[in-house]
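Notes to accompany the following structure.
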Amino acid sequence: MERLLIQNGTIVTPDEIMRGDILIVGETIARVAPEIRADDARVIDATGLHIFPGAIDAHVHLRDPGATHKEDFTTGTRAALAGGVTTILDMPNNSTPTTTRAALAEKRAIARARAVCDFGLVIGATAENAEEINGTRTAPRADERGKNNLIRVPPRSSASNDELGAVAIKLYLGATTGDLLVTEFDPVYRHFSARNDLPIVVHAEDNDALNFFAGASRHPQKRPAIAAVLAVARVLAIAETTGRAVHIAHLSTAREIELVKDAKARGVRVTCEVAPHHLFLSTDDEERLGAFGIVNPPLRAPDDVRALWQNLAHIDLVATDHAPHTRAEKESAKPPSGMPGLETMLPLLLNAANEKRLSLSDIARMTARNPVRVFHLAHKAEIAEGFDADLTLVNLDAEFVIQKPFETKCNWSPFEGTRGRGKIARVILRGREVIADGKFFAEPGNGREVQRT
Ligand code: DOR
Ligand code: ZN
(Lines give C-alpha, C1' and ligand atoms only; values in the text may rest on other atoms or scores of the structure.)
(Ligands and ions follow the chains in the order given, each with its own letter.)
Protein backbone atom coordinates (compact mmCIF):
# COMPACT_ATOMS: atom_id res chain seq x y z
CA MET A 1 0.00 0.00 0.00
CA GLU A 2 1.21 3.47 -0.79
CA ARG A 3 2.66 5.43 2.09
CA LEU A 4 2.52 9.19 2.15
CA LEU A 5 4.22 11.36 4.76
CA ILE A 6 3.16 14.97 5.23
CA GLN A 7 5.94 16.74 7.09
CA ASN A 8 6.36 20.03 8.91
CA GLY A 9 2.81 21.29 8.55
CA THR A 10 0.64 22.98 11.18
CA ILE A 11 -2.29 20.71 11.98
CA VAL A 12 -5.60 22.44 12.74
CA THR A 13 -8.30 20.63 14.70
CA PRO A 14 -11.27 21.98 16.68
CA ASP A 15 -9.26 21.30 19.85
CA GLU A 16 -5.75 22.50 19.05
CA ILE A 17 -3.27 23.80 16.52
CA MET A 18 0.04 21.97 16.52
CA ARG A 19 3.14 21.35 14.44
CA GLY A 20 3.22 17.76 13.34
CA ASP A 21 3.67 15.06 10.75
CA ILE A 22 0.98 12.80 9.32
CA LEU A 23 1.62 9.33 7.95
CA ILE A 24 -0.97 7.98 5.56
CA VAL A 25 -1.09 4.34 4.56
CA GLY A 26 -3.41 3.62 1.65
CA GLU A 27 -6.60 5.63 2.25
CA THR A 28 -6.20 6.00 6.00
CA ILE A 29 -4.32 8.14 8.48
CA ALA A 30 -1.90 5.75 10.18
CA ARG A 31 -0.12 8.10 12.58
CA VAL A 32 -0.02 11.70 13.73
CA ALA A 33 3.01 12.75 15.76
CA PRO A 34 5.37 15.70 16.26
CA GLU A 35 7.96 13.98 14.07
CA ILE A 36 7.60 10.84 11.98
CA ARG A 37 10.32 9.06 10.00
CA ALA A 38 9.25 6.69 7.25
CA ASP A 39 12.00 6.10 4.72
CA ASP A 40 9.79 4.27 2.26
CA ALA A 41 7.06 6.96 2.15
CA ARG A 42 6.54 9.64 -0.48
CA VAL A 43 7.00 12.96 1.29
CA ILE A 44 4.95 16.13 0.97
CA ASP A 45 6.72 19.07 2.55
CA ALA A 46 4.03 21.15 4.23
CA THR A 47 6.38 23.77 5.64
CA GLY A 48 4.43 27.01 5.96
CA LEU A 49 1.07 25.30 5.35
CA HIS A 50 -1.88 24.69 7.68
CA ILE A 51 -3.49 21.27 7.44
CA PHE A 52 -7.27 21.16 7.93
CA PRO A 53 -9.51 18.12 7.92
CA GLY A 54 -11.07 18.04 4.42
CA ALA A 55 -14.19 20.19 4.57
CA ILE A 56 -17.60 18.52 4.52
CA ASP A 57 -20.26 20.63 2.86
CA ALA A 58 -23.58 19.39 4.16
CA HIS A 59 -25.73 21.39 1.75
CA VAL A 60 -25.21 21.39 -2.02
CA HIS A 61 -27.44 21.18 -5.09
CA LEU A 62 -25.55 19.43 -7.90
CA ARG A 63 -28.54 19.37 -10.33
CA ASP A 64 -27.76 15.85 -11.53
CA PRO A 65 -30.01 14.33 -12.81
CA GLY A 66 -32.32 16.82 -14.47
CA ALA A 67 -30.56 20.16 -14.87
CA THR A 68 -27.03 19.25 -15.88
CA HIS A 69 -26.78 22.40 -17.97
CA LYS A 70 -26.33 24.17 -14.58
CA GLU A 71 -24.07 21.59 -12.90
CA ASP A 72 -23.41 17.86 -12.92
CA PHE A 73 -21.81 15.51 -10.44
CA THR A 74 -18.38 15.95 -12.03
CA THR A 75 -18.33 19.75 -12.33
CA GLY A 76 -19.94 20.18 -8.91
CA THR A 77 -17.52 17.87 -7.13
CA ARG A 78 -14.56 19.44 -8.98
CA ALA A 79 -15.77 22.78 -7.60
CA ALA A 80 -15.83 21.11 -4.18
CA LEU A 81 -12.23 19.91 -4.36
CA ALA A 82 -11.09 23.28 -5.73
CA GLY A 83 -12.63 24.78 -2.59
CA GLY A 84 -10.97 22.29 -0.23
CA VAL A 85 -14.22 20.35 0.23
CA THR A 86 -13.68 16.57 0.17
CA THR A 87 -17.25 15.42 0.94
CA ILE A 88 -20.58 16.91 -0.15
CA LEU A 89 -24.15 16.07 0.82
CA ASP A 90 -26.45 16.48 -2.18
CA MET A 91 -29.98 17.85 -1.86
CA PRO A 92 -33.10 16.23 -3.38
CA ASN A 93 -34.82 19.15 -5.17
CA ASN A 94 -33.89 17.93 -8.64
CA SER A 95 -36.36 18.45 -11.49
CA THR A 96 -37.49 14.89 -10.81
CA PRO A 97 -37.24 15.15 -7.03
CA THR A 98 -35.25 12.55 -5.11
CA THR A 99 -38.19 11.40 -3.01
CA THR A 100 -38.38 7.68 -3.66
CA ARG A 101 -36.03 4.75 -3.23
CA ALA A 102 -35.87 4.44 -7.03
CA ALA A 103 -34.90 8.10 -7.53
CA LEU A 104 -32.29 7.79 -4.80
CA ALA A 105 -30.83 4.70 -6.48
CA GLU A 106 -30.70 6.50 -9.82
CA LYS A 107 -28.86 9.45 -8.29
CA ARG A 108 -26.49 7.07 -6.47
CA ALA A 109 -25.53 5.43 -9.78
CA ILE A 110 -24.86 8.84 -11.36
CA ALA A 111 -22.84 10.04 -8.38
CA ARG A 112 -20.76 6.84 -8.27
CA ALA A 113 -19.85 7.23 -11.92
CA ARG A 114 -19.25 10.98 -11.98
CA ALA A 115 -18.16 12.25 -8.55
CA VAL A 116 -14.54 13.22 -7.96
CA CYS A 117 -15.05 13.76 -4.21
CA ASP A 118 -16.96 11.74 -1.61
CA PHE A 119 -20.69 12.26 -1.32
CA GLY A 120 -23.80 11.52 0.70
CA LEU A 121 -27.37 11.74 -0.55
CA VAL A 122 -30.35 13.45 1.07
CA ILE A 123 -33.87 12.22 0.31
CA GLY A 124 -36.83 14.60 0.05
CA ALA A 125 -39.94 14.55 2.22
CA THR A 126 -43.32 14.74 0.51
CA ALA A 127 -46.85 14.70 1.88
CA GLU A 128 -47.10 11.04 0.81
CA ASN A 129 -43.73 9.41 1.45
CA ALA A 130 -43.38 9.42 5.25
CA GLU A 131 -43.88 5.65 5.33
CA GLU A 132 -41.74 4.83 2.28
CA ILE A 133 -38.68 6.70 3.47
CA ASN A 134 -39.05 6.31 7.21
CA GLY A 135 -40.31 2.78 7.58
CA THR A 136 -43.83 1.83 8.51
CA ARG A 137 -44.44 2.74 12.15
CA THR A 138 -45.12 6.41 12.44
CA ALA A 139 -47.49 6.95 15.33
CA PRO A 140 -45.78 7.15 18.71
CA ARG A 141 -47.52 5.12 21.40
CA ALA A 142 -48.49 6.76 24.65
CA ASP A 143 -46.23 4.39 26.59
CA GLU A 144 -43.24 5.69 24.62
CA ARG A 145 -43.66 9.10 26.13
CA GLY A 146 -41.11 10.08 28.72
CA LYS A 147 -40.92 12.94 31.18
CA ASN A 148 -42.68 16.15 30.12
CA ASN A 149 -44.66 14.16 27.56
CA LEU A 150 -41.65 14.00 25.25
CA ILE A 151 -41.14 10.88 23.18
CA ARG A 152 -38.06 8.95 24.23
CA VAL A 153 -35.24 9.09 21.71
CA PRO A 154 -35.70 6.09 19.41
CA PRO A 155 -32.92 3.54 18.93
CA ARG A 156 -30.30 4.48 16.28
CA SER A 157 -30.52 3.37 12.67
CA SER A 158 -33.66 1.42 12.09
CA ALA A 159 -33.33 -1.24 9.40
CA SER A 160 -35.35 0.89 7.02
CA ASN A 161 -32.93 3.79 6.80
CA ASP A 162 -29.90 1.52 6.59
CA GLU A 163 -31.40 0.06 3.42
CA LEU A 164 -32.24 3.54 2.16
CA GLY A 165 -28.66 4.73 2.44
CA ALA A 166 -29.60 8.41 2.64
CA VAL A 167 -27.86 10.55 5.25
CA ALA A 168 -30.85 12.78 5.98
CA ILE A 169 -34.39 13.73 4.99
CA LYS A 170 -34.98 17.22 3.58
CA LEU A 171 -38.23 18.95 4.38
CA TYR A 172 -39.19 22.14 2.56
CA LEU A 173 -41.73 24.14 4.58
CA GLY A 174 -41.53 27.01 2.08
CA ALA A 175 -41.51 26.94 -1.72
CA THR A 176 -38.19 27.49 -3.47
CA THR A 177 -36.35 26.00 -6.49
CA GLY A 178 -38.05 22.70 -7.43
CA ASP A 179 -41.41 21.25 -6.43
CA LEU A 180 -40.67 19.96 -2.95
CA LEU A 181 -43.02 21.44 -0.40
CA VAL A 182 -44.90 20.09 2.62
CA THR A 183 -46.99 22.56 4.58
CA GLU A 184 -49.76 20.53 6.26
CA PHE A 185 -49.34 19.51 9.89
CA ASP A 186 -50.30 15.88 9.28
CA PRO A 187 -47.48 14.81 6.92
CA VAL A 188 -44.90 16.97 8.69
CA TYR A 189 -45.76 15.36 12.01
CA ARG A 190 -45.75 11.88 10.47
CA HIS A 191 -42.22 12.39 9.17
CA PHE A 192 -41.06 13.62 12.58
CA SER A 193 -42.73 10.92 14.62
CA ALA A 194 -41.48 8.04 12.49
CA ARG A 195 -39.27 5.42 14.04
CA ASN A 196 -36.15 6.49 12.20
CA ASP A 197 -33.09 8.35 13.31
CA LEU A 198 -32.11 10.16 10.13
CA PRO A 199 -31.94 13.86 10.91
CA ILE A 200 -34.62 15.97 9.21
CA VAL A 201 -33.04 18.97 7.49
CA VAL A 202 -35.55 21.78 7.25
CA HIS A 203 -35.80 24.62 4.79
CA ALA A 204 -37.58 26.80 7.31
CA GLU A 205 -39.61 29.53 5.66
CA ASP A 206 -43.37 29.57 6.32
CA ASN A 207 -45.18 29.18 3.01
CA ASP A 208 -48.28 31.17 4.02
CA ALA A 209 -46.06 34.08 4.97
CA LEU A 210 -44.17 33.78 1.67
CA ASN A 211 -47.48 33.89 -0.21
CA PHE A 212 -48.64 36.90 1.79
CA PHE A 213 -45.51 38.92 1.01
CA ALA A 214 -45.07 37.65 -2.57
CA GLY A 215 -46.22 40.97 -4.04
CA ALA A 216 -43.37 42.99 -2.50
CA SER A 217 -40.97 44.57 -4.94
CA ARG A 218 -37.60 43.52 -3.57
CA HIS A 219 -36.61 39.90 -3.02
CA PRO A 220 -35.70 40.21 0.70
CA GLN A 221 -39.13 41.79 1.33
CA LYS A 222 -40.88 38.93 -0.44
CA ARG A 223 -39.31 36.53 2.07
CA PRO A 224 -38.98 38.55 5.28
CA ALA A 225 -37.52 37.34 8.57
CA ILE A 226 -40.98 36.56 9.98
CA ALA A 227 -41.36 33.73 7.45
CA ALA A 228 -38.18 32.09 8.75
CA VAL A 229 -39.02 32.73 12.39
CA LEU A 230 -42.50 31.19 12.10
CA ALA A 231 -41.18 28.07 10.40
CA VAL A 232 -38.32 27.58 12.85
CA ALA A 233 -40.65 27.99 15.84
CA ARG A 234 -43.10 25.49 14.34
CA VAL A 235 -40.56 22.85 13.55
CA LEU A 236 -38.82 23.19 16.92
CA ALA A 237 -42.13 22.57 18.65
CA ILE A 238 -42.66 19.44 16.56
CA ALA A 239 -39.09 18.22 17.13
CA GLU A 240 -39.50 18.78 20.86
CA THR A 241 -42.69 16.77 21.01
CA THR A 242 -41.48 13.90 18.86
CA GLY A 243 -37.85 13.70 20.00
CA ARG A 244 -36.63 13.59 16.40
CA ALA A 245 -33.31 15.23 15.46
CA VAL A 246 -33.88 18.35 13.38
CA HIS A 247 -31.27 20.38 11.50
CA ILE A 248 -32.18 23.93 10.51
CA ALA A 249 -30.66 24.71 7.11
CA HIS A 250 -29.24 28.15 6.27
CA LEU A 251 -30.37 29.97 9.40
CA SER A 252 -30.11 33.67 8.59
CA THR A 253 -31.70 35.92 11.21
CA ALA A 254 -31.04 37.03 14.78
CA ARG A 255 -34.43 35.82 16.00
CA GLU A 256 -33.95 32.31 14.59
CA ILE A 257 -30.70 32.00 16.55
CA GLU A 258 -32.48 32.94 19.76
CA LEU A 259 -35.12 30.26 19.11
CA VAL A 260 -32.48 27.62 18.39
CA LYS A 261 -30.40 28.58 21.44
CA ASP A 262 -33.46 28.36 23.65
CA ALA A 263 -34.43 24.97 22.21
CA LYS A 264 -30.87 23.64 22.65
CA ALA A 265 -30.88 24.79 26.26
CA ARG A 266 -34.05 22.78 26.85
CA GLY A 267 -32.52 19.65 25.32
CA VAL A 268 -34.31 19.63 21.97
CA ARG A 269 -32.27 17.66 19.43
CA VAL A 270 -31.64 20.62 17.15
CA THR A 271 -28.60 21.67 15.15
CA CYS A 272 -28.26 24.48 12.65
CA GLU A 273 -26.13 25.78 9.83
CA VAL A 274 -25.31 29.11 8.29
CA ALA A 275 -24.42 29.77 4.63
CA PRO A 276 -21.37 31.83 3.64
CA HIS A 277 -23.54 34.29 1.69
CA HIS A 278 -25.43 35.10 4.88
CA LEU A 279 -22.13 35.73 6.67
CA PHE A 280 -20.32 37.67 3.96
CA LEU A 281 -23.15 39.47 2.12
CA SER A 282 -26.14 41.51 3.26
CA THR A 283 -28.97 43.62 1.89
CA ASP A 284 -26.29 46.28 1.39
CA ASP A 285 -25.05 44.13 -1.53
CA GLU A 286 -28.48 43.59 -3.02
CA GLU A 287 -28.42 46.41 -5.56
CA ARG A 288 -24.86 45.76 -6.71
CA LEU A 289 -25.53 42.04 -7.24
CA GLY A 290 -28.99 42.35 -8.80
CA ALA A 291 -30.37 38.91 -9.74
CA PHE A 292 -27.05 37.30 -8.79
CA GLY A 293 -27.85 38.18 -5.18
CA ILE A 294 -31.28 36.52 -5.22
CA VAL A 295 -31.27 33.51 -2.91
CA ASN A 296 -33.66 31.75 -0.52
CA PRO A 297 -33.61 32.60 2.33
CA PRO A 298 -32.70 36.07 1.05
CA LEU A 299 -29.76 38.26 1.94
CA ARG A 300 -30.51 39.80 5.33
CA ALA A 301 -30.08 43.18 7.02
CA PRO A 302 -26.62 44.01 8.45
CA ASP A 303 -28.03 43.61 12.00
CA ASP A 304 -28.92 39.99 11.27
CA VAL A 305 -25.49 39.39 9.74
CA ARG A 306 -23.88 40.81 12.89
CA ALA A 307 -25.99 38.50 15.04
CA LEU A 308 -24.79 35.47 13.06
CA TRP A 309 -21.15 36.44 13.63
CA GLN A 310 -21.77 37.09 17.32
CA ASN A 311 -23.36 33.67 17.75
CA LEU A 312 -20.95 31.46 15.80
CA ALA A 313 -20.42 29.43 18.97
CA HIS A 314 -24.09 28.37 18.76
CA ILE A 315 -24.03 27.58 15.05
CA ASP A 316 -23.07 23.99 14.38
CA LEU A 317 -21.84 24.23 10.85
CA VAL A 318 -21.20 26.31 7.80
CA ALA A 319 -22.61 24.84 4.59
CA THR A 320 -22.64 26.53 1.21
CA ASP A 321 -26.16 25.89 -0.13
CA HIS A 322 -24.25 25.74 -3.46
CA ALA A 323 -27.15 26.36 -5.87
CA PRO A 324 -25.85 27.06 -9.38
CA HIS A 325 -27.99 28.65 -12.08
CA THR A 326 -26.65 29.78 -15.44
CA ARG A 327 -25.83 33.40 -16.15
CA ALA A 328 -28.58 33.48 -18.78
CA GLU A 329 -31.13 32.18 -16.26
CA LYS A 330 -30.06 34.81 -13.72
CA GLU A 331 -30.28 37.55 -16.35
CA SER A 332 -33.75 36.45 -17.49
CA ALA A 333 -37.03 38.16 -16.61
CA LYS A 334 -37.70 35.59 -13.87
CA PRO A 335 -34.33 34.84 -12.30
CA PRO A 336 -34.22 31.68 -10.17
CA SER A 337 -32.95 31.84 -6.57
CA GLY A 338 -29.57 30.51 -5.57
CA MET A 339 -25.86 31.07 -5.94
CA PRO A 340 -22.77 28.84 -6.13
CA GLY A 341 -20.50 28.62 -3.11
CA LEU A 342 -18.31 25.52 -3.10
CA GLU A 343 -15.15 27.19 -4.37
CA THR A 344 -15.36 30.23 -2.15
CA MET A 345 -16.47 29.07 1.32
CA LEU A 346 -13.08 28.06 2.69
CA PRO A 347 -11.04 30.97 1.26
CA LEU A 348 -13.60 33.43 2.68
CA LEU A 349 -13.48 31.72 6.09
CA LEU A 350 -9.66 31.62 6.05
CA ASN A 351 -9.55 35.30 5.24
CA ALA A 352 -12.00 35.97 8.08
CA ALA A 353 -9.69 34.00 10.39
CA ASN A 354 -6.78 36.15 9.22
CA GLU A 355 -8.93 39.14 10.19
CA LYS A 356 -9.56 37.53 13.61
CA ARG A 357 -13.30 37.29 13.06
CA LEU A 358 -13.16 33.59 13.97
CA SER A 359 -10.43 31.10 14.81
CA LEU A 360 -8.83 28.40 12.68
CA SER A 361 -10.24 25.85 15.12
CA ASP A 362 -13.73 27.32 14.57
CA ILE A 363 -13.30 26.58 10.88
CA ALA A 364 -12.30 22.95 11.55
CA ARG A 365 -15.26 22.59 13.93
CA MET A 366 -17.87 24.09 11.59
CA THR A 367 -16.66 22.61 8.29
CA ALA A 368 -15.60 19.15 9.43
CA ARG A 369 -16.22 17.79 12.91
CA ASN A 370 -19.76 19.06 13.32
CA PRO A 371 -21.09 18.01 9.90
CA VAL A 372 -19.85 14.52 10.71
CA ARG A 373 -21.55 14.57 14.09
CA VAL A 374 -24.85 15.91 12.82
CA PHE A 375 -25.07 13.37 9.96
CA HIS A 376 -23.28 10.47 11.71
CA LEU A 377 -20.70 10.02 8.95
CA ALA A 378 -18.24 7.19 9.48
CA HIS A 379 -14.46 7.71 9.75
CA LYS A 380 -14.40 11.26 8.40
CA ALA A 381 -13.12 14.65 9.53
CA GLU A 382 -10.65 13.86 12.30
CA ILE A 383 -6.89 14.15 11.78
CA ALA A 384 -6.24 11.03 13.81
CA GLU A 385 -5.27 7.41 13.37
CA GLY A 386 -7.88 5.28 11.62
CA PHE A 387 -9.77 8.10 9.90
CA ASP A 388 -10.01 8.66 6.14
CA ALA A 389 -7.01 10.68 4.97
CA ASP A 390 -9.05 13.66 3.71
CA LEU A 391 -6.90 16.75 4.19
CA THR A 392 -6.93 20.31 2.91
CA LEU A 393 -3.58 22.10 3.05
CA VAL A 394 -3.80 25.88 2.94
CA ASN A 395 -1.41 28.78 2.78
CA LEU A 396 -2.83 31.38 5.14
CA ASP A 397 -0.54 34.11 3.82
CA ALA A 398 -1.14 33.64 0.11
CA GLU A 399 -3.42 36.19 -1.53
CA PHE A 400 -6.47 35.15 -3.51
CA VAL A 401 -8.74 36.98 -5.89
CA ILE A 402 -12.11 35.37 -6.51
CA GLN A 403 -12.42 35.38 -10.28
CA LYS A 404 -13.25 33.31 -13.34
CA PRO A 405 -12.72 30.66 -14.50
CA PHE A 406 -14.54 28.60 -11.87
CA GLU A 407 -14.95 24.84 -11.83
CA THR A 408 -18.71 25.13 -11.30
CA LYS A 409 -20.49 24.91 -14.62
CA CYS A 410 -22.34 28.18 -13.99
CA ASN A 411 -18.95 29.94 -13.93
CA TRP A 412 -19.89 32.95 -11.80
CA SER A 413 -19.76 33.89 -8.13
CA PRO A 414 -21.45 36.60 -6.07
CA PHE A 415 -17.98 37.17 -4.60
CA GLU A 416 -16.21 37.92 -7.90
CA GLY A 417 -13.56 40.56 -7.33
CA THR A 418 -13.19 39.79 -3.61
CA ARG A 419 -9.57 39.64 -2.46
CA GLY A 420 -8.24 38.08 0.68
CA ARG A 421 -5.58 35.88 2.23
CA GLY A 422 -5.84 32.11 2.62
CA LYS A 423 -5.40 29.92 -0.44
CA ILE A 424 -5.92 26.21 -0.91
CA ALA A 425 -2.56 24.64 -1.76
CA ARG A 426 -3.19 20.89 -1.82
CA VAL A 427 -6.15 18.59 -1.30
CA ILE A 428 -5.89 14.94 -0.33
CA LEU A 429 -8.87 12.61 -0.67
CA ARG A 430 -8.53 9.24 1.05
CA GLY A 431 -4.77 9.32 0.71
CA ARG A 432 -4.65 10.48 -2.92
CA GLU A 433 -3.41 13.92 -3.79
CA VAL A 434 -6.28 15.26 -5.91
CA ILE A 435 -5.19 18.89 -6.12
CA ALA A 436 -1.63 20.17 -5.97
CA ASP A 437 -0.56 23.67 -6.99
CA GLY A 438 -3.76 24.32 -8.90
CA LYS A 439 -3.61 21.04 -10.87
CA PHE A 440 -6.29 18.33 -10.67
CA PHE A 441 -5.52 14.64 -10.33
CA ALA A 442 -9.04 13.44 -9.67
CA GLU A 443 -11.10 11.39 -12.11
CA PRO A 444 -14.86 10.88 -12.26
CA GLY A 445 -15.57 7.74 -10.29
CA ASN A 446 -13.03 8.57 -7.56
CA GLY A 447 -15.81 9.76 -5.26
CA ARG A 448 -17.25 7.27 -2.83
CA GLU A 449 -20.52 7.34 -0.93
CA VAL A 450 -20.15 8.07 2.78
CA GLN A 451 -21.24 5.49 5.32
CA ARG A 452 -23.20 6.22 8.48
CA THR A 453 -21.87 5.13 11.84
O1 DOR B 1 -31.84 29.97 -3.22
C2 DOR B 1 -32.06 28.77 -3.17
N3 DOR B 1 -31.74 27.97 -4.20
N4 DOR B 1 -32.65 28.27 -2.08
C5 DOR B 1 -33.10 27.00 -2.05
O6 DOR B 1 -33.68 26.62 -1.08
C7 DOR B 1 -32.91 26.11 -3.21
C8 DOR B 1 -31.79 26.56 -4.05
C9 DOR B 1 -31.80 25.90 -5.39
O10 DOR B 1 -31.85 24.68 -5.45
O11 DOR B 1 -31.70 26.60 -6.41
ZN1 ZN C 1 -30.48 24.51 -0.44
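Data table
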quantity: Filter pass, A58 being closer than 26 Å to A130 by Cα, surrounded by fewer than 24 Cβ atoms within 10 Å (Cβ to Cβ) and at pLDDT 95 or above; calculated: no
quantity: Residue within segment 325-340 that is acidic (D, E), open to solvent by 30 Å² or more (accessible area, probe 1.4 Å) and within 12 Å of ligand 1 (Cβ to nearest atom) present; calculated: yes
quantity: First in segment 393-408 and aromatic (F, W, Y), second anywhere and part of a strand (DSSP E or B) and open to solvent by 20 Å² or more (accessible area, probe 1.4 Å), Cβ under 8 Å, 6 or more apart; calculated: F400/R419; F400/R421; F400/K423
quantity: Residue in segment 345-368 that is within 16 Å of ligand 1 (Cβ to nearest atom) and surrounded by 18 or more Cβ atoms within 10 Å (Cβ to Cβ) present; calculated: yes
quantity: One residue from A381, A353, A398 being within 27 Å of D15 (Cβ to Cβ), of a type outside the set (S, T, N, Q) and out of contact with any helix residue (DSSP H, G or I) (no Cβ under 8 Å at 6 or more places or on another chain); calculated: A398
quantity: Answer residue from segment 36-59, given it is under 25 Å from the mean Cα position of the chain (by Cα) and either over 17 Å from P347 (Cβ atoms) or among the small types (G, A, S) (or both) and is nearest to ligand 1 (Cβ to nearest atom) among those; calculated: H59
quantity: Single residue of P34, P97, P92 found to be more than 30 Å from T408 (Cα to Cα) and touching a strand residue (DSSP E or B) at 6+ places or on another chain (Cβ under 8 Å); calculated: P34
quantity: Hey, E407 under 16 Å from L23 (Cβ atoms), open to solvent by 50 Å² or more (accessible area, probe 1.4 Å) and in a loop (DSSP other than H, G, I, E, B) or not; calculated: no
quantity: Members of segment 202-241 that are open to solvent by 50 Å² or more (accessible area, probe 1.4 Å), within 16 Å of ligand 1 (Cβ to nearest atom) and not in a helix (DSSP H, G or I); calculated: A214, R218
quantity: Single match in R37, R78, R42, R101 (criterion: without any contact (Cβ under 8 Å) to a residue 12 or more places away in the chain, open to solvent by 10 Å² or more (accessible area, probe 1.4 Å), more than 16 Å from ligand 2 (Cβ to nearest atom) and among the charged types (D, E, K, R)); calculated: R37
quantity: Top-ranked residue in segment 26-53 [being part of a loop (DSSP other than H, G, I, E, B) and among the β-branched types (V, I, T); ranked as nearest to L391 (Cα to Cα)]; calculated: T47
quantity: Single match in A291, A265, A364 (criterion: out of contact with any Pro (no Cβ under 8 Å at 6 or more places or on another chain) and among the small types (G, A, S)); calculated: A265
quantity: Count of segment 181-201 residues which are open to solvent by less than 10 Å² (accessible area, probe 1.4 Å) and assigned to a loop (DSSP other than H, G, I, E, B); calculated: 6
quantity: Condition met for P297 (within 12 Å of ligand 1 (Cβ to nearest atom), more than 18 Å from the chain's Cα centre (by Cα) and not in a strand (DSSP E or B)); calculated: no
quantity: Given (1) within 15 Å of ligand 2 (Cβ to nearest atom); (2) acidic (D, E); (3) more than 27 Å from D362 (Cβ to Cβ), number of the condition D57 does not satisfy; calculated: (3)
quantity: Among the candidates A175, A159, residue that is open to solvent by 60 Å² or more (accessible area, probe 1.4 Å), closer than 27 Å to F119 by Cα and at pLDDT below 95; calculated: A159
quantity: Matching residues, segment 341-367, being within 20 Å of L62 (Cα to Cα) and outside any loop (DSSP other than H, G, I, E, B); calculated: M345, L346, T367
quantity: Among (1) among the hydrophobic types (A, V, I, L, M, F, W, C); (2) within 13 Å of the chain's Cα centre (by Cα); (3) more than 15 Å from ligand 1 (Cβ to nearest atom) - the single one A319 does not satisfy; calculated: (3)
quantity: Hits in segment 270-289 (condition: away from ligand 2 (no atom under 16 Å from the Cβ) and without any contact (Cβ under 8 Å) to a residue 40 or more places away in the chain); calculated: V270, S282, D284, E287, R288
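Residue by residue, here is whether (1) surrounded by 21 or more Cβ atoms within 10 Å (Cβ to Cβ); (2) at pLDDT 95 or above holds:
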site: I22; (1), (2): yes, yes
site: A33; (1), (2): no, yes
site: G66; (1), (2): no, yes
site: T96; (1), (2): no, no
site: A105; (1), (2): no, yes
site: C117; (1), (2): yes, yes
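Yes or no, residue by residue, for (1) of a type in the set (F, W, Y); (2) touching a residue at least 40 places away in the same chain (Cβ under 8 Å); (3) within 16 Å of ligand 2 (Cβ to nearest atom):
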position: Q310; (1), (2), (3): no, no, no
position: A328; (1), (2), (3): no, no, no
position: S337; (1), (2), (3): no, yes, yes
position: L349; (1), (2), (3): no, yes, no
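The values are calculated or read from the model by the stated rules, or taken from the named source; none is laboratory data. This is a predicted model, so every value here is computed, not measured. Quick reminder, even Gly has a Cβ in these numbers, built from the backbone with ideal geometry, and neighbours come from all protein chains shown. Only protein heavy atoms, including side chains, enter the accessible area calculation; ligands, DNA and RNA are left aside. Shrake-Rupley method; radii C 1.70, N 1.55, O 1.52, S 1.80 Å.
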